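Heads up: the structure comes next, in structure tokens.
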Amino acid sequence: MKKISLLGATGSIGWQTVDILLNHPESFKLVAFSVGKNIEKTREIIDHLQPELVSIQDESDALALQKDYPHVQFAFGAQGLIDVATHPESTVLVNAVLGSVGLESTLAAIRMGKTIAIANKETLVTAGHLVMSEAKKYNVPILPVDSEHSAIFQSMNGENPKQIERLILTASGGSFRDKTREQLKNVTVKDALNHPNWSMGAKITIDSATMMNKGLEVIEAHVLFNMPYEKIDVLLHRESIIHSLVEYHDTSVIAQLGTPDMRVPIQYALSYPDRLPLKGGQRLNLAQIGQLHFKEVDFDRYRALKLAYDAGRAGGTILTAMNAANEAAVALFLQEKITFLQIEEIIEQVMINHNNTLIPDLETILHVDKETRKTVVSMVK
């Protein structure tokens, strides 16, 4: 029985994690979780999984729920995230929150020796050097939940990392993969949220459309697998059947395949090194699919991906600035305050103006994150 702390339980990844926990009560116990403002789903999780601790974003919601669930402990705000992550009974932390808010709580969990199942790209992008250094210091496994990194992780099992030639991350191309840059000028939020393959949250779906999502994954791969950027490639793959590949010195290529279902990598991170049956999972039928398609990435078409590579190679606080600028710009696009192409323009401008600090400490990272978001808002006013 693995006891789980879950950050971001009502988001897309968090909710699918809850589904796995419900389907495998013999293997997992949810002892603590955090949410934002979705009270209806919060009640549903409490009723079905009976956790000991729940953290809500706002204090008023925590106080209201406390009256209805006197047997549950409630917390709120930034400290609430840390309380969930460091719950004394949990052995695994699933970080499924959006953005850089999960950074401090993840570091706190590592220092308590908890296994980290990480679905939160931004934590590794903004502070990968801190996370991996602490994980090594406390001998804590960092298990990837992203489908691409899970695929790489699985394709490396039993192999010598020193014999890897390159990592190949696949990308669907997102909602606008068949559009030119000229055609992107007038796309709407509704258009952008219509992903062809995956069911994801709004922010990640927009990141997929700009390909910043893949850029963040490239940086993640660099951090997780200690691989130089010149050995990390991205390949467009429309069907999202091959989730990523690893090429070795002898020209062998090992890939992980499956239907586009995020529950697969989530469950693997939770059950590792074992595999559990995926209830309701659709089996892959290659004969029925018939063909798989691949295409090289055009960096002029997907400018956000190039910006991510540039930031990754530079290192330092420019990674934090790029990530914060993207989060702020995506939020503005979802509010229909900027156009789709302005997301990339804002990120690029922030990066050009950024005064980079190499090997930053946590305080510097948090400061750059906060100031960058303010800058982006001021750019639009």
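The values are calculated or read from the model by the stated rules, or taken from the named source; none is laboratory data. Bear in mind the structure is a predicted one, so any value in this text is a computation, not a measurement. Neighbour counts are summed over all protein chains in view; Cβ atoms, including those assigned to glycine, are modelled from backbone coordinates with ideal geometry. Side chains are part of the model used for accessible areas, which takes the heavy atoms of the whole protein and leaves out ligands, DNA and RNA. Shrake-Rupley method; radii C 1.70, N 1.55, O 1.52, S 1.80 Å.
Just a few scattered comments:
- Taking the 1.4 Å solvent-accessible surface of the chain as the whole, the part contributed by carbon and sulfur is 50%.
- Charge dipole (debye, nearest 20) of segment 230-381; +1 at Cβ of Lys and Arg, -1 at Cβ of Asp and Glu: 500 debye
- The length gained on full extension between Asp19 and Glu345, counted as 0.36 nm times the residue separation minus their Cα-Cα distance, comes to 113.5 nm.
- Shape of segment 95-206, Cα gyration tensor, a/c cut at 1.5: oblate
- Shape of segment 117-180, Cα gyration tensor, a/c cut at 1.5: oblate
- For segment 33-64, applying the loop criterion from DSSP together with a ceiling of 14 other beta carbons within 10 Å to the trypsin sites (Lys or Arg not before Pro) yields Lys37.
- Between the amide H of Leu30 and those of Ile4, distances stay under 5 Å, these residues lying 5 or more places away or on another chain, with hydrogens modeled in the peptide plane.
- Residue list for segment 314-351, given a label point 7 angstrom along the Cα-to-Cβ vector of Val380 and an amide N cut-off under 14 Å: 324-347
- The chain - accessible surface per residue (Å², probe 1.4 Å): 45 Å²
- Rounded to the nearest Hz, the phi-derived 3J(HN,Hα) couplings of segment 371-381 under the Karplus curve 6.51 cos²θ - 1.76 cosθ + 1.60 (θ = phi - 60°) are 5, 5, 4, 4, 4, 4, 4, 5, 5, 8, 5, where x marks glycine and proline.
- Placing +1 on the Cβ of every Lys and Arg and -1 on the Cβ of every Asp and Glu, with no other charges, gives segment 148-265 a dipole of roughly 440 debye about its Cα centre.
- Rounded FRET efficiency, nearest 0.05, which uses the C-beta distance separating Asn160 from Glu230 and R0 of 25 Å: 0.80
- The helix-based estimate of mean residue ellipticity at 222 nm for the chain, built from -39,500 (n - 2.57) per DSSP H run of four or more residues and divided by its residue count, is -14500 deg cm²/dmol to the nearest 500.
- Shape class of segment 167-288 from the Cα gyration tensor (axes a ≥ b ≥ c, square roots of the eigenvalues): oblate, since a/c reaches 1.5 or more and a/b does not exceed b/c.
- All Cα pairs of the chain, percent lying beyond 25 Å: 55 percent
- Backbone geometry of segment 106-120 corresponds, through the Karplus equation with coefficients 6.51, -1.76 and 1.60 at θ = phi - 60°, to 3J(HN,Hα) couplings of 5, 4, 5, 5, 4, 5, 9, x, 7, 5, 10, 9, 10, 10, 9 Hz, x marking Gly and Pro.
- In the chain, the sites counted are GluC sites (Glu not before Pro) in DSSP loop states with at most 14 other Cβ atoms within 10 Å, and the longest stretch holding none of them, exclusive of the sites, is 160-335.
- Assigned charges on the beta-carbon of Lys, Arg, Asp, Glu; the chain dipole about Cα centre (debye): 200 debye
- Remark: segment 360-367, residue by residue, has Karplus-estimated 3J(HN,Hα) of x, 8, 4, 4, 5, 4, 5, 5 Hz, where x stands for each Gly or Pro and the curve is 6.51 cos²θ - 1.76 cosθ + 1.60 at θ = phi - 60°.
- Taking amide H positions as modeled 1.01 Å from N, with prolines and chain starts lacking one, the residues under 5 Å from Ala171 and 5 or more places away or on another chain are Leu235, Leu236, His237.
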